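The values are calculated or read from the model by the stated rules, or taken from the named source; none is laboratory data. As the structure is a computational prediction, the values presented were derived from the model and not from experiment. Here the Cβ positions follow ideal geometry from the backbone for every residue, glycine too, while neighbour counts run over all protein chains shown.
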Amino acid sequence: MPWPFTRNVPRQEHRKPPCGRPRREGLVARERDPSDSRSYLLGLTGEGSAAVARLAAARREGHAKLLAKLKPDEHEALLKGLDALVHALEDEA
């Protein structure tokens with residue numbers, strides 16, 4: 001089952017299987033790693049992907065409401081500051 005987001009989680013690092021609650025809620029699926037039977041591959045289910053999309057949309061809506069409160073000059077200053085931050089982070093990489 002190929003998923004865009006997977007992570008190997010060695011069984012010995014956990015007392016219980018990883019992601020128990022999200023798995024029970026149908027948001028995350030788990031299967032044994034075929035290349036290492038001690039590990040699992042984790043991935044979002046369709047329902048999990050939909051939940052992530054809903055959360056992202058709510059976050060964008062919240063950000064839009066906050067940004068709408070800024071005056072035009074404050075908005076411009078924020079954009080310039082964020083642009084400078086992005087360039088500084090890119091220089092670090």
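Evaluating Gly62 against the criteria (1) outside the structural domain of Pro22 (by TED's automatic domain parsing); (2) of a type in the set (Gly, Ala, Ser); (3) touching a strand residue (DSSP E or B) at 6+ places or on another chain (Cβ under 8 Å) leaves one unmet condition, (3). Sub-8 Å Cβ pairs linking a first residue in segment 19-38 that is more than 20 Å from Val52 (Cβ to Cβ) to a second residue that is part of a helix (DSSP H, G or I), at least 6 apart or interchain, are Arg38/Arg11; Arg38/Gln12, ordered by first then second residue. Could you please find all residues in segment 16-63 being part of a strand (DSSP E or B) and more than 14 Å from the chain's Cα centre (by Cα)? Result: Ala29, Arg30, Glu31, Arg32, Asp33, Asp36, Ser37, Arg38, Ser39, Tyr40, Leu41. Mind listing whichever residues of segment 67-78 are surrounded by 10 or more Cβ atoms within 10 Å (Cβ to Cβ) and assigned to a helix (DSSP H, G or I)? The answer is Leu67, Glu74, His75, Glu76, Ala77, Leu78.
Sub-8 Å Cβ pairs linking a first residue in segment 74-93 that is free of Cβ contacts under 8 Å to residues at least 40 places away in the same chain to a second residue that is of a type outside the set (Phe, Trp, Tyr) and surrounded by 11 or more Cβ atoms within 10 Å (Cβ to Cβ), at least 6 apart or interchain, are His75/Leu67; Leu78/Leu67; Leu78/Leu70, ordered by first then second residue.
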